[in-house]
Every structure is written in C-alpha cells, then in structure tokens.
Amino acid sequence: MILMDKCPWALTHPLLEKYHDEVWGKPVYDENKLYEMLVLESFQAGLSWLTILKRYDGFKAAFCDFEWQKVARFTADDVTRLLQNETIIRHRGKIEATINNAQVLQKLANSQVSLYDLLWDEVGHQQILNHWQFSEEVPSQDAIAQRLAKKLKKLGFKFVGPTTCYSLMQACGLVNDHLESCPSWKKCQEVDFGDGSVSY
C-alpha cells in the first residue's frame with residue numbers, strides 16, 4: 001500500500017520505492033556494502049538513480065559482487081571488457097574510478113584503515129538526524145560532504161565530489177534525510193542495518 005507521506009521521490013517508480021523503503025538512510029557498516037554504494041553513487045553522477053537501479057544486477061555481476069579485494073586486481077584488459085558490457089554504464093572514467101577506488105582501499109587496508117573509518121569518522125560514528133518538512137529543503141551537499149570529498153581525493157579516490165559524497169552519506173545512513181513525515185525517518189533511527197544486504 002502506498003503511503004502518501006513517504007518522501008515524494010520514492011513514489012515515482014516501484015524500484016525507487018523499494019530502494020527508499022529498504023536501503024536509503026539505513027546505517028551501513030559493512031566494508032563491501034559501503035564500497036558497493038560508493039560504486040553506484042559514482043556511476044550515478046550525471047544520471048538518474050533509477051537508471052542505476054535498473055542496472056544493479058549488471059553492476060553486481062560485473063564487479064564481483066562488489067568485493068573490492070577482487071576488483072582491485074582488475075587490469076586494463078578488464079576495463080576493455082567492461083566497456084563492452086551492455087548491462088552497466090559503459091563510461092571509461094567511471095569504470096576506471098571503480099577499479100582505482102578498490103585499489104586505494106587495498107592500500108589503506110594494508111595500513112589498517114577502512115572505508116568505514118573514513119566515512120563514519122566524519123559524523124562521529126553517529127547518524128546526523130535532520131528534520132526536513134519539504135523535499136526542497138534537502139541539500140545536495142553540505143560542509144561535511146565537502147570535507148569528505150577533499151579527504152577522499154587526497155587519498156587517491158576518484159569520482160568523489162561533494163555531491164556524490166553527500167549522496168553516499170544519505171544512502172549509507174550517515175545522515176537521515178527522509179522527510180520527518182516519512183515512516184522511514186523513524187525506522188532509520190531504530191534499525192541496526194548490519195551488513196546492509198538487500199536485493200533490488
């Protein structure tokens with residue numbers, strides 16, 4: 001049953017509603033799931049989120065179930081192969097960024113630094129709870145996202161501008177940007193999302 005007090009964007013397509021209800025804004029802590037969301041948000045840049053969701057299975061298969069340790073071993077031959085893969089967005093820069101970012105994670109892991117640390121440290125390991133009443137109030141970025149983008153870029157990550165970083169923060173529950181009238185606003189405060197597993 002569709003509830004009209006949900007965030008309006010969720011009511012425009014069944015895939016968006018499922019994503020809104022089951023994923024968006026719920027805290028994610030698992031390293032592979034965080035990498036998955038980083039991959040999807042990076043590919044989404046300049047496109048609609050629905051476009052990404054429709055290709056989710058393709059992305060998942062193409063990038064080894066988002067196991068960054070495996071993606072980190074991809075080579076130039078894999079880039080060429082992926083550019084022929086019609087089930088994903090065939091954008092060379094984004095494909096190369098996905099591999100590069102996995103390789104950066106590998107280097108960081110060797111120093112005992114995780115993507116979880118990089119992201120959740122920015123919010124003090126506590127979800128930021130906003131109290132938006134209207135969709136127009138929800139920002140596309142903020143000071144934290146700007147700071148996070150600078151930090152990630154300095155470490156070597158690519159396709160991580162402030163807007164992408166803020167979208168990542170929203171998706172992974174670092175910030176709760178559901179409208180206060182939305183049932184998920186409260187649910188995202190109560191749920192320990194664990195590994196964030198979900199299928200679209």
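What follows is calculated from the coordinates using simple rules that are stated; it is not laboratory data. The shown structure was predicted, so the numbers you read here are calculated from the model rather than taken from an experiment. All Cβ positions, glycine included, derive from the backbone under ideal geometry; neighbour counts span all protein chains shown.
Per-structure values
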| read-out | value |
| --- | --- |
| Ratio of Rg to Rh over the chain (Cα coordinates, Kirkwood Rh, two decimals) | 0.95 |
| Nearest 10 degrees, 0 to 90: helix 162-171 Cα axis against the chain principal axis | 60 degrees |
| With Cα atoms, 0 to 90° folded angle of helix 31-44 axis to the chain main axis | 90 degrees |
| Sparse-neighbourhood loop sites, GluC sites (Glu not before Pro) in the range 32-128 - DSSP loop, at most 11 other Cβ within 10 angstrom | Glu86 |
| Asn176 long-range amide H proximity, modeled H, under 5 Å | Ile128, Leu129, Asn130 |
| Tilt relative to the chain, helix 92-110 - C-alpha long axis, 0 to 90 degrees, to 10 | 90 degrees |
| Residues of type lysines that Lys54 reaches as a straight line, Cα spacing below 30 Å, ignoring anything fewer than 8 places off in the same chain | Lys6, Lys18, Lys26, Lys33, Lys70, Lys94, Lys153, Lys158, Lys186, Lys187 |
| CD proxy at 222 nm, helix term only [per DSSP H run n ≥ 4: -39500 (n - 2.57); per residue of the chain; nearest 500] | -15000 deg cm²/dmol |
| Derived scalar couplings ³J(HN,Hα) [the range 75-85; Karplus, 6.51 cos²θ - 1.76 cosθ + 1.60; whole Hz; x for Gly, Pro] | 10, 4, 5, 5, 4, 4, 4, 5, 5, 9, 7 |
